[in-house]
Structures are given as C-alpha cells and as structure tokens.
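Everything on this sheet refers to the single structure shown next.
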Amino acid sequence: MENYLASRERKLRLSDAMFQALEETADGQFRVLIGIDDSSEEDSIQKNEIAYLRAQLRQGDALLSGVDDLAFKAVTKLCLEEWGWEGAAVSVQYFGGTEDRPACAYDYQPLEAIVAEHFDFFDLTMAEPGGEELAMLVLTQPADPAAQETYINALVQCLNDNRAAGLPTILIDAGNGTYGTAFHKALTDQAELGWLLSYAGFLDMAIVTGTALSHGVARYAFLQHGKQTDATEQAFVRTLADSILKDFCYKNIVRNDILSFVRNDLSGNADNFWMPDIDRVAILERLEAGMAVAVAPVIENLERSNFISSLSSTREYAERGWGGVELTGYGFPWDRAFEISMEIRLGAFTEPHKALLGIYYK
C-alpha cells in the first residue's frame with residue numbers, strides 16, 4: 001500500500017510541476033490534454049485526483065475519458081485549428097438502450113456524458129432533426145438481451161438510409177462484445193462498410209468514442225478544407241480498413257482461437273509469449289491461417305464499396321470506388337495475443353461501383 005500511494009503521489013507532483021512550468025509561458029503557447037484510463041464511477045482515490053487535475057486546467061486545456069486515443073485527439077484538434085474549423089452539427093442515435101450508463105467496467109462516466117465531452121472538445125453540436133451535417137450511430141450494450149437482433153437491424157437500416165441520403169456517418173460499436181459476431185456479420189452482409197466516415201469498436205468504450213470521432217471529424221474537415229491526392233485518400237482508406245478488419249475479424253473471431261491455441265496447445269501465456277518461451281512461429285502461422293478465412297467476406301465488401309472523396313461548398317459531392325485490398329506482414333508487436341499488426345496494400349481506386357447489395361437506392 002505504501003508503494004501504491006507513493007506512485008500516485010509522484011504522478012500528482014509531476015502534474016503539478018507541469019502546470020507550474022506552464023505559468024511562465026504565453027497564453028495558448030502550450031495546451032494540456034489529459035486522459036483518464038481504467039476508472040469507474042465508484043468512490044475511489046481517482047475521484048479526488050481527477051477533481052484536482054480538472055481544477056488546474058486553463059483555457060484550451062481538456063481532460064477527457066480515454067488514454068490510448070489521446071494522440072488521435074491531439075492531432076485532430078491541431079488540424080481543425082489549422083483549417084479554421086468552425087464546428088459541425090451532428091445527429092447522434094443510440095441503439096441498444098444503455099447509453100445512460102458506463103459502457104464498460106473501465107469507463108468512469110455514462111456513454112452519453114463521454115460523447116458530450118468529446119463533442120465540446122471538437123466543437124460539435126447536437127443537430128436538430130434534419131439539420132445535421134453528419135451523423136453518428138452507436139450500438140450500446142442491450143438493455144433487453146432478447147432484443148439484440150432488433151437493435152442490430154434498426155441500426156443497419158438507419159445506416160443504409162444515411163447511405164441512400166448521402167449523409168456522412170461515423171459508426172461506433174459500444175456493445176463491448178455482448179453481440180458476439182452478429183453485429184459485424186449483419187454489417188458485412190447488409191451495409192457498405194467502405195462508405196463509412198470512420199469506425200471504431202476494438203478497445204474500451206471511452207477510447208472507441210475518441211478514436212471514432214477523431215478519425216471521422218478529421219476526415220470530414222479534410223473533405224471540406226484539405227487538398228485531396230491519391231496519397232491522402234489511400235491513408236484514409238487504410239485507416240478505415242484497419243479499424244474494421246481488426247475489430248470484425250481479429251477481435252471477435254481469430255483472437256479467441258489464438259488464445260486457446262497458446263494456452264491449451266502450447267501451454268503458454270497469451271499475455272507474454274516469452275514467459276514461458278513458446279513457439280512464436282507456430283502462433284504467427286495460426287494467425288495468418290485464421291485471418292485468411294475471417295477477412296475474406298469483409299474484404300469482398302470493402303472492394304465493392306465506394307468512399308466519399310469530395311464534400312465541399314466549392315465542389316460537388318463525389319465518390320470513388322475502392323480497389324483491391326491485400327493484407328500482409330502479420331505480427332504480434334508486443335508478443336501477446338491482445339493486438340496484432342498488419343500491412344494493408346491497396347489497388348488503384350476505381351470509378352464508383354454500383355450499389356453493393358442493391359439496398360441503398362430505393
């Protein structure tokens with residue numbers, strides 16, 4: 001306990017020293033973005049620490065849920081300021097009925113509160129019905145487990161309606177694994193995945209919110225103010241493909257097989273392939289074989305998708321078609337099963353594809 005309290009004291013003293021150092025700088029020269037990770041609504045020492053840090057914030061500083069997505073949020077904020085971003089009106093729809101509570105054990109606020117704080121950070125406003133510039137759809141954990149299929153179908157229908165209306169859409173899976181593979185299968189079978197503005201669902205829900213909004217808002221602002229090149233478009237497509245494929249195919253399908261293989265066949269530790277030292281070549285081969293099967297239908301969907309390539313007051317709304325998608329260079333960057341790395345190779349973009357499944361244009 002003594003060591004635990006000492007480590008928490010060091011963090012607070014470091015934070016205090018940082019804020020004191022910033023007192024000597026000009027207004028706006030430096031900004032502070034603090035992330036809260038692995039906390040909860042329960043009474044704990046973190047409540048006092050969070051209150052203390054919040055009290056030190058200056059104009060332009062922010063304290064938000066999520067740590068893994070801090071870099072996304074910081075870079076997006078800088079880009080928005082560089083482009084003269086004036087905000088956007090966003091419609092938000094939740095499906096599942098639990099948006100008024102924390103989305104997982106590591107969130108310290110209800111999902112709605114986390115979304116609202118991120119909206120403030122990115123200068124977004126809740127749109128009046130029919131007045132939105134872009135939309136955000138969120139699947140929450142199910143209030144009624146027996147109605148999971150109903151929640152999924154309603155979201156997919158709304159997504160397809162947005163597609164038919166040309167309304168750029170951010171999609172978040174905040175179900176925290178409760179839907180298994182059913183949601184991802186419905187999206188793969190019934191929606192045009194490559195048309196999304198952004199998608200997130202792999203990590204804890206606070207991180208997912210920040211990741212999806214960072215990617216989606218940055219892309220939307222770039223479409224309005226940036227200069228498109230094949231390189232910028234490929235960067236966007238790779239980012240979207242990475243988010244979708246790792247979540248749909250690795251997290252809820254292949255990772256479970258890897259966990260079982262490491263623990264049962266190799267008698268190893270899925271959180272550290274070196275303790276004990278196990279056959280990492282065999283694990284990699286298992287990963288490659290599993291992903292080859294799992295990604296096939298998702299890649300087929302992406303390769304037949306379009307993406308928004310122009311959305312500006314000076315240019316007409318435009319789309320381009322995805323080209324080929326090939327995955328190579330699989331790896332476990334931290335020698336554990338939690339996450340993987342992979343290289344995404346893209347073929348040349350095409351003219352817009354016809355409706356992927358014939359359901360977007362009624």
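Quick check: Cα centre of segment 206-255 to Cα centre of segment 183-199, how many Å? So the two Cα centres are separated by 13 Å. Here K354 is the anchor, and the aspartates and glutamates within straight C-alpha reach of less than 15 Å, apart from those fewer than 8 places off in the same chain, are E192, E300, E303, E319. Taking trypsin sites (Lys or Arg not before Pro) across segment 12-108, the ones in a DSSP loop with at most 16 further Cβ atoms lying within 10 angstrom of their Cβ are R31, R58. Among the GluC sites (Glu not before Pro) in segment 1-70, those located in a DSSP loop and surrounded by at most 11 other Cβ atoms within 10 Å of their own Cβ are E23, E24, E42. Computed with a 1.4 Å probe over protein heavy atoms only, the accessible surface of the chain comes to 48 Å² per residue.
Please report the carbon-and-sulfur percent of the accessible area for segment 67-217; probe 1.4 Å, protein heavy atoms only, DNA, RNA and ligands left out. Write down the numbers at each step before the final one.
Numbers: 2910 of 5550 Å².
Of the solvent-accessible surface of segment 67-217, carbon and sulfur hold 52 percent.
Taking the DSSP beta bridges with both ends in the chain, the antiparallel portion is around 35 percent. Among residues other than G347 with Cβ under 11 Å from its Cβ, the summed charge is -1 (Lys and Arg +1, Asp and Glu -1). For the residue pairs K11/K77; K185/K227; K47/K73; K77/K227; K227/K251, the alpha carbons lie more than 27 Å apart in K185/K227; K227/K251.
The values are calculated or read from the model by the stated rules, or taken from the named source; none is laboratory data. Fair warning: this is a prediction, and the values are worked out from it, not measured in the lab. Don't worry about glycine lacking a Cβ; one is built from the backbone with ideal geometry, like all the others, and counts go over all protein chains shown. These accessible areas exclude ligands, DNA and RNA; they are computed on the full protein's heavy atoms, side chains included. Shrake-Rupley method; radii C 1.70, N 1.55, O 1.52, S 1.80 Å.
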